[in-house]
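First up is the structure itself, then whatever we jot down about it.
The values are calculated or read from the model by the stated rules, or taken from the named source; none is laboratory data. The structure presented is a predicted model; accordingly, all values stated were derived computationally and were not measured. Backbone-built Cβ (ideal geometry, glycine too); neighbour counts: all protein chains shown.
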Amino acid sequence: MKSMRNKSTIIFAFIILSFFIDSYAQSFSKIYVKVNNQSVELNAFKRNDIVFISAKEFASKLRLRYAYSEEHQKAEIIFPKFNLKFTARNPFVALFNKEEQKKEIVQLPISTIVIQNDILFPLDFMRSTLSRCFNSVVTYSETKPDIVDLPNQTEQSDATEKEEEINFADIKFDVDEKVNGTLLEINFNKKIRNVKNSLRNNILTLDVTELRIDEKKFPINFTEGLVREVRATNTNNGARLQFTLHKDFGDYEVLHNRNEQKIFVTIHNKSFQAKKNRIRSNRDRWNFDVIVLDAGHGGKDPGAIGRNKSVEKNITLAITLKLGKMLEENMKDVKVVYTRKDDRFVELYRRGKIANDNDGKLFISIHCNSTPNKKSNASGSEVYLLRPGRTDDAIEIAARENSVIEFEADPKRYQKLTDENFILVSMAQAAHMQYSEKFAEMLDKQFRQNLDIPSRGVKQAGFFVLVGASMPSVLVEAGYLSNPTDEKYLMSKKGQEEVAQSIFNAIKSFKNYYDLIIREE
């Protein structure tokens, strides 16, 4: 038996080495996971100091049921009260609460890895979710621990909270200088629940609740970039970080998902802001003369299915064709480009490529929404911009829309589009974001005025389809097919025409706004 275990370990190590020889710093080793007064030894794979473990081996060693779909590359660990589902090369994890019959989406900062019909997940970013599934704190170490009786869950939770109150949090700053500004990544060894930010006299303040910081390690000075100094003080409610910004600072954005260990801050410089607010002198290039319409889903990808058997791909195509006809008949000076005009499958990356190849000036991707719970009362239209999602709903919608990659021949091309990379993409496309936001506001206004269903406003999420389009871009969720009222409206000729007319009206307003800026240059 011992020789078989050794043989299994050697095979696992060989697979790891042969599959992952690339540019990343990586290694394999053993770790010991401890939960419910038991410790199990697991194979661990390290990439950039992040520990990944096998979902299959984790389930087997902890005597949990496990299922794997080779066709869909999904792994499921089945707990007594929860089901936990991982998807290969995907940062979204589905958590199903059996007692409440409720599904949640957990967004990881990095994607899972797939090896030989097995999925490896990043243990550090999953520990809180696993602790919830076990109803007991999950810990791990690289040395074999002594087993001691653990206190019950209530006692342990109280002890953990008290420990966090008296222990200083480790903090690390990663500063990445970009052409258009600075990306600041703040890493903690504890999960951050709430962050508030404010700006005064070029000092950006972040108030982080339930955290203590060693003030003696500050101030920290930087010689380059837009961040010059960081100071830290502890307050009654947590810790305060204050960043002194360079005089060339233009604007900023703070990005954080609740209960994660990272905070991202994007800081743009004034010179880029000036460029962002100008249209280039090459007028011909910037004439508003091409609109790209993208009917979501298609072909072997049906998209959402409604309660009355409506199909998202059919509704999005109908709205797109009606909108295209309005543009062709009423805006003769504008060329309309379609990513699809019939029921065919178009890969996500190709949709953005079609837009770029045709020198598009506005990209509109049209979709319909749905909820996993068909009894949900969720209703209404939404307009989305390309940024990492800040709410569970936005994350779940992005996960559903991005799941189309399962139908593609090479889903690996999207593997590195993690939360951090979406931030880098949004920084790179910041010159277009001003116009995306303006069009989104105009479109939301039209939806509020013209549709028989409510508007849920302008939101943000990480949609793969918007990544490739180098132009002002939005994704429209026309309504919820899981809602009978929305579904009936979107299936009707009246509803489809009103959605198309609203988008058309917004395009006309946006073109006037766009042309005015050109004339003023």
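The condition (being at pLDDT 85 or above, among the hydroxyl-bearing types (Ser, Thr, Tyr) and surrounded by 20 or more Cβ atoms within 10 Å (Cβ to Cβ)) is satisfied by just one residue among Thr129, Thr139, Thr112: Thr112.
Look through Lys322, Lys353, Lys313 and report the one residue that is of a type in the set (Lys, Arg), surrounded by 23 or more Cβ atoms within 10 Å (Cβ to Cβ) and not in a loop (DSSP other than H, G, I, E, B).
On inspection, the qualifying residue turns out to be Lys313.
Look through the range 440-474, keep the residues that are hydrophobic (A, V, I, L, M, F, W, C) and surrounded by fewer than 24 Cβ atoms within 10 Å (Cβ to Cβ), and return whichever of them is modelled with the lowest pLDDT. Top of the filtered list is Phe464. Checking the stated criteria, Lys217 turns out not to satisfy the condition of being at pLDDT below 90, basic (Lys, Arg) and within 27 Å of the chain's Cα centre (by Cα). Summed over the range 307-361, the residues that are touching a residue at least 12 places away in the same chain (Cβ under 8 Å) and among the acidic types (Asp, Glu) give a count of 6.
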